[in-house]
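Contents: one structure, followed by commentary.
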Amino acid sequence: ANLYGAKVLCIDLDLQGNLTKGCFKINPNDKAIMLDIIKDEVPIEQAIINVVPGLDLLPSSLDNGVLDNTLTLGRFPLDRVYREKLDKIKSNYDIILIDCPPALTASVTAATLASDLVISPVTPDEHSFSGLNLLYHEIQDIEKKYRTSIPLKIVFNKFDTRNNLSHDKLNQIKNSSLFTQYLYQSY
């Protein structure tokens, strides 16, 4: 999106920080992360790092591993905690992407509630498909609890035309009365 001229902010919430590591010049150990923002130690505007023109990053590090405990023990309102921080900067961007860890945690719930759309990558393996089913039901629970609607899209990722498992899993999603409606047409 950035290469096509969109102003993009990527927020890395995964404590492994793979998105942050993908931005080679960023050393997350000396940068503010979401944990610092939630604790009101750093304003979100000051934590954002420019990677290239039009592409900014809010990095992550291992310290974000306590983010869920901070949100839970601090009794932060999950439906507002990220949204209120993002409201301060969202007019500066065309797209804000939040990269979440592959777990259904308080932080992921807060990110889901702050999002206009949840995009779930699914790889052609049994665990990922099971995770998609779990994610779908968790989104339904969040929608019910917070009386909101959360759009979901599925991106089938790492498709290998030479691999029967890829074809089987793609067909499983396409033939699923539950998931076919959420599947992006390209993969």
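The values are calculated or read from the model by the stated rules, or taken from the named source; none is laboratory data. On a predicted model such as this, the values are computed, not experimentally measured, just so you know. Ideal geometry is used to build each Cβ from the backbone, glycine not excepted, and the neighbour counts take in all protein chains shown. Side chains are part of the model used for accessible areas, which takes the heavy atoms of the whole protein and leaves out ligands, DNA and RNA. Shrake-Rupley method; radii C 1.70, N 1.55, O 1.52, S 1.80 Å.
The C-alpha atoms of the chain define a longest principal axis, and helix 126-146 lies at about 60 degrees to it. Each principal axis of the Cα cloud of the range 11-93 was evaluated for its coordinate range; sorted largest first, these ranges are 36, 29, 18 Å. Pop the C-beta distance of Val42 and Ser130 into the FRET formula with R0 = 35 Å and round what comes out to the nearest 0.05. E between Val42 and Ser130, to the nearest 0.05, is 0.40. By the compact-protein rule of thumb, 2.2 N^0.38 Å, the alpha-carbon radius of gyration of the chain corresponds to a ratio of 1.07. Loop-resident GluC sites (Glu not before Pro) (DSSP state other than H, G, I, E or B) in the range 97-187 with no more than 13 further Cβ atoms inside 10 Å of their Cβ are absent. Report, in listed order, any pair from Lys153/Lys174; Lys31/Lys85; Lys7/Lys90; Lys39/Lys85; Lys21/Lys153 with a Cα-Cα distance greater than 21 Å. Exceeds cut-off: Lys21/Lys153. For trypsin sites (Lys or Arg not before Pro), the sites in the range 135-187 that DSSP calls loop and that have at most 11 other Cβ atoms within 10 Å are Arg147, Arg162. Given their separation in residues at 0.36 nm each and the Cα-Cα distance between them, Ser176 and Leu62 gain 37.3 nm when the chain is fully extended.
For the range 10-144, the solvent-accessible area works out to 53 Å² per residue, with a probe of 1.4 Å and every protein chain left in place. Using a probe of 1.4 angstrom, how much of the accessible area of the range 124-187 is carbon and sulfur, in percent? Roughly 46 percent, rounded to a whole number.
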